[in-house]
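The values are calculated or read from the model by the stated rules, or taken from the named source; none is laboratory data. The structure presented is a predicted model; accordingly, all values stated were derived computationally and were not measured. Glycine gets a Cβ as well: all are built from the backbone with ideal geometry, and neighbour counts include every protein chain shown.
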Amino acid sequence: MNESQAKIRVEKLREEIEKHRYAYYVLDIPEISDEAYDSLVHELEKLEAKFPELADPNSPTRRVGAKPLEKFQSAKHSRPMLSLNDAFDKKDVEAWVQRISKFLPKSYKPKYHVQLKLDGLACAIIYENGIFQKALTRGDGKVGEDVSQNVRTIRSIPLKLRRSSKAPKEAYTSRVEVRGEIVIYKRDFEKINKEREEQGQTLFMNPRNTAAGTIRQLDPKLVASRPLRFYAWGLEIDGASIEKHSEEYELAKELGFVVSTQTTVAYNVDEVMKFVKTWEQKRHDLPFNTDGLVIAINNRKIYDDLGSVGKAPRGALAYKYPPEQQTTKVKDIFVSIGRTGAATPVAMLEPVIIAGSRVEMATLHNESEVKRKDVRIGDTVIVHKAGDIIPEIVESIKSLRDGSEKIFHMPKKCPDCSTELIKPADEAVWRCPNRNCPARVQNHIRHFASKSAIDIEGLGEKNVTVLLESGLIKDEADLYSLKEEDVSKLERFAELSAKNLVNAINAKKNPSLERFIFALGIRHVGVQTAIDLAKKFGSLESLTRSSIQQLEEVDGVGGKVAESIAAWFADDENQKLLNKFEKAGVKPQKYAIVSGKLEGKSFVVTGTLETMGREKAAELIRKMGGKFISSVSKDTTYLVVGDNPGESKRQAAKKHGIKIINEDEFIGLLKS
Ligand code: ZN
């Protein structure tokens, strides 16, 4: 290859590499594998080495190159990177709208651009004539640090702005400043920490400070080895005007940047709050951490005219979600007995509000977890709660101890029935072996009546306790012989609620076989296993008679599960319970597949479906012989995407090449 041939090849390679970078990072639809991409870069490297005159400082091969720095230089921002005023609820947002209305032109109705705020490190990147020049950290807002050589290593940032007919020509002929957030994905963060743990290094606190710490490393090689990503949220093109904030996003994407897709334009506060609510839970499914939203007047001219008060612009507001971690004190640690007898240590806390709800208790899982975290009675602890998950103690703050703290010891006896607790050598959990233990019976009945089991309304903790204490019931089968006149005499039950409860129970005399199997509360038998068992055996009678060998033939049933099932049915007490059900007229329906056309296919649903709830979708899928599963793996057949889907599931589906369908297509599959 001579030089002119090489020149053509080099240019083509650079274009090709940039095209794939864009497809991978910005569009999120990789066209070639990582290996193929690396091999293109490798070929380019070889050619550039052979023909040094073809070198270009902004070639994709030159992301890392410079030597470690002695220290960072400071540099002034062209216009300050302001911080925003905070809002914590709807009232704050309304007050802000009220405040700025005085400054707005009469009869002007503002629209609001709302976006999720990524929890990372803010950074400004400057391009001249379309070429990467410089990157600055926020610093104090006026002066930042020049971290250009580190930022260049981030592959989601273009070294040359992408050519696009939709971008104004000034983007390639004058100065462009892109502002955004440098982040590390949660899964990448976990991976880094796992490696550090294996190598005996200290662990990083969270993705944000890992990103911040990385960008301040003096050696760009180390920076290049960490999976940093950049999400653009602001764009300024000298000489060209961009009318709306929402357009900044579109343009930044055209120029080759990744932008967050979790944005909307709202016409009033109610719409803003709707978006806030939508993402309060769902943001946990995103690959990165978020700490709130930014609400800004969408029209940039009006926004600029509003000016700023102090350090904050008038035209924007940071909405903060309630914190998910708080510190509080452990008042006591007690043991709670579950339906299988498992003894779980639970911390009683000084009440705190976390993620919008009051938290008074947090699980400590088991004895060794208490030891590992060294949580003591009287300790100040960090408690975490996100969405619907059970509050959990992250760690105790040992430096705040004053010597009065008490170490927790697992009791020898069950707190509810005084039977001695036992722990098989291969298990982490202590158990109460007494099947008549009041705590176990209570939890058993609640499990039986729960939504995924028989689904009987009106059997919450307190009602079950009252029924048990009155002696009207001893087990779940007794529920079916409850009489309205007896129940109505009990405390908590008026005539009407007694009638409702008895009716609710009797309406569930013929549950589906899979629900009934799950409701029995056999150890290791979850919802899916119950379905698989129902499918294989068809009726309760044939399941009762099944051998361990037959059980092991069922999908997902291993030796341990098969033994547990067989032992349950071989037990005299359980046989008595089943007889009691039969006498009471409880007869589960035979398993019937409506149609087997989804046989062998598995579905994951993400987001909200318009025409049906999740439970309903799951039921329909199962009725047609398909499987409803909660997370995407390489064996998943379809990902059904509803409204406001989870980003991580979508990415996993793309990675495994799984078919992604929308609700209409899903319904089509059910009907076809
Ligand atoms: Zn007990």
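For the stretch 418-441, the candidate set comprises residues that are within 9 Å of the ligand (Cβ to nearest atom) and free of Cβ contacts under 8 Å to residues at least 24 places away in the same chain; within that set, the residue that is nearest to Glu461 (Cα to Cα) is Asn436. Is it the case that some residue within the stretch 641-659 is free of Cβ contacts under 8 Å to residues at least 24 places away in the same chain and in a strand (DSSP E or B)? The answer is yes, given that some residue of the stretch 641-659 is free of Cβ contacts under 8 Å to residues at least 24 places away in the same chain and in a strand (DSSP E or B). Considering only residues that are among the aliphatic types (A, V, I, L, M) and surrounded by 19 or more Cβ atoms within 10 Å (Cβ to Cβ), look in the stretch 310-341 and name the one that is farthest from the ligand (Cβ to nearest atom). Checking each candidate, the answer is Ala316.
Counting only helices (runs of 4 or more DSSP H) wholly contained in the stretch 118-219, the ones carrying 2 or more residues that are more than 20 Å from Pro68 (Cβ to Cβ) and of a type in the set (A, V, I, L, M, F, W, C) occupy 186-198. Taking the criterion of being over 22 Å from the mean Cα position of the chain (by Cα), closer than 20 Å to Lys649 by Cβ and aliphatic (A, V, I, L, M), the only residue of the stretch 589-611 that qualifies is Leu598. Any residue in the stretch 472-488 that is within 16 Å of the ligand (Cβ to nearest atom), surrounded by 14 or more Cβ atoms within 10 Å (Cβ to Cβ) and not assigned by TED's automatic domain parsing to the domain that holds Ala343? Yes, the stretch 472-488 has at least one match. Every listed requirement among (1) in contact with a helix residue (DSSP H, G or I) (Cβ under 7 Å, 6 or more places away or on another chain); (2) under 24 Å from Glu461 (Cβ atoms) is met by Ala566 save one, (2). So for the stretch 52-65 (the condition being part of a loop (DSSP other than H, G, I, E, B), of a type in the set (D, E, K, R) and surrounded by 14 or more Cβ atoms within 10 Å (Cβ to Cβ)), does at least one residue qualify? Checked against the condition, which is being part of a loop (DSSP other than H, G, I, E, B), of a type in the set (D, E, K, R) and surrounded by 14 or more Cβ atoms within 10 Å (Cβ to Cβ), the stretch 52-65 yields at least one hit.
The number of residues in the stretch 596-610 that are touching a helix residue (DSSP H, G or I) at 6+ places or on another chain (Cβ under 7 Å) and either in a loop (DSSP other than H, G, I, E, B) or surrounded by fewer than 17 Cβ atoms within 10 Å (Cβ to Cβ) (or both) comes to 3.
Can you pull out every residue in the stretch 83-107 that is assigned to a loop (DSSP other than H, G, I, E, B) and within 23 Å of Pro322 (Cα to Cα)?
Just the residues of the stretch 83-107 that are assigned to a loop (DSSP other than H, G, I, E, B), to begin with: 83-85, 88-89, 102-107.
Across the stretch 83-107, the qualifying residues are Ser83, Leu84, Asn85, Phe88, Asp89.
Considering each residue of the stretch 456-479 in turn, at least one proves to be under 26 Å from Arg622 (Cα atoms) and either in contact (Cβ under 8 Å) with a residue 24 or more places away in the chain or charged (D, E, K, R) (or both). Within the stretch 406-417, if we keep just the residues that are closer than 26 Å to Ser396 by Cβ and of a type in the set (A, V, I, L, M, F, W, C), the residue that is farthest from the ligand (Cβ to nearest atom) turns out to be Ile407.
Within the stretch 196-223, the residues that satisfy the criterion of being modelled with pLDDT of 75 or more and among the small types (Gly, Ala, Ser) are Ala211, Ala212, Gly213. Is one or more of the residues making up the stretch 400-409 under 27 Å from Val330 (Cβ atoms) and surrounded by 15 or more Cβ atoms within 10 Å (Cβ to Cβ)? Yes, the stretch 400-409 has at least one match. Of the set (1) under 22 Å from Glu491 (Cα atoms); (2) within 16 Å of the ligand (Cβ to nearest atom); (3) surrounded by fewer than 15 Cβ atoms within 10 Å (Cβ to Cβ), all apply to Gly460 but (2).
Is it true that some residue in the stretch 517-539 is among the aromatic types (Phe, Trp, Tyr), touching a helix residue (DSSP H, G or I) at 6+ places or on another chain (Cβ under 7 Å), closer than 17 Å to Leu577 by Cβ and surrounded by 20 or more Cβ atoms within 10 Å (Cβ to Cβ)? Before you say what the answer is, go through the steps one by one.
Of the residues in the stretch 517-539, the ones among the aromatic types (Phe, Trp, Tyr) are 518, 537.
Filter once more, keeping what is touching a helix residue (DSSP H, G or I) at 6+ places or on another chain (Cβ under 7 Å): 518, 537.
Filter once more, keeping what is closer than 17 Å to Leu577 by Cβ: 518.
Subset that is surrounded by 20 or more Cβ atoms within 10 Å (Cβ to Cβ): 518.
Yes, there is a match, as at least one residue in the stretch 517-539 is among the aromatic types (Phe, Trp, Tyr), touching a helix residue (DSSP H, G or I) at 6+ places or on another chain (Cβ under 7 Å), closer than 17 Å to Leu577 by Cβ and surrounded by 20 or more Cβ atoms within 10 Å (Cβ to Cβ).
Only one entry in Arg187, Arg175, Arg208, Arg226 is surrounded by fewer than 19 Cβ atoms within 10 Å (Cβ to Cβ), basic (Lys, Arg) and within 25 Å of Ala124 (Cβ to Cβ), namely Arg175.
For residues in the stretch 442-454 being of a type outside the set (S, T, N, Q) and in a loop (DSSP other than H, G, I, E, B), which is nearest to the ligand (Cβ to nearest atom)?
Taking the stretch 442-454 first, the residues of a type outside the set (S, T, N, Q) are 444-449, 451, 453-454.
With in a loop (DSSP other than H, G, I, E, B) added as a condition, the list becomes 451, 453-454.
Working: Lys451: 26, Ala453: 22, Ile454: 24 Å.
Among those that are of a type outside the set (S, T, N, Q) and in a loop (DSSP other than H, G, I, E, B), it is Ala453.
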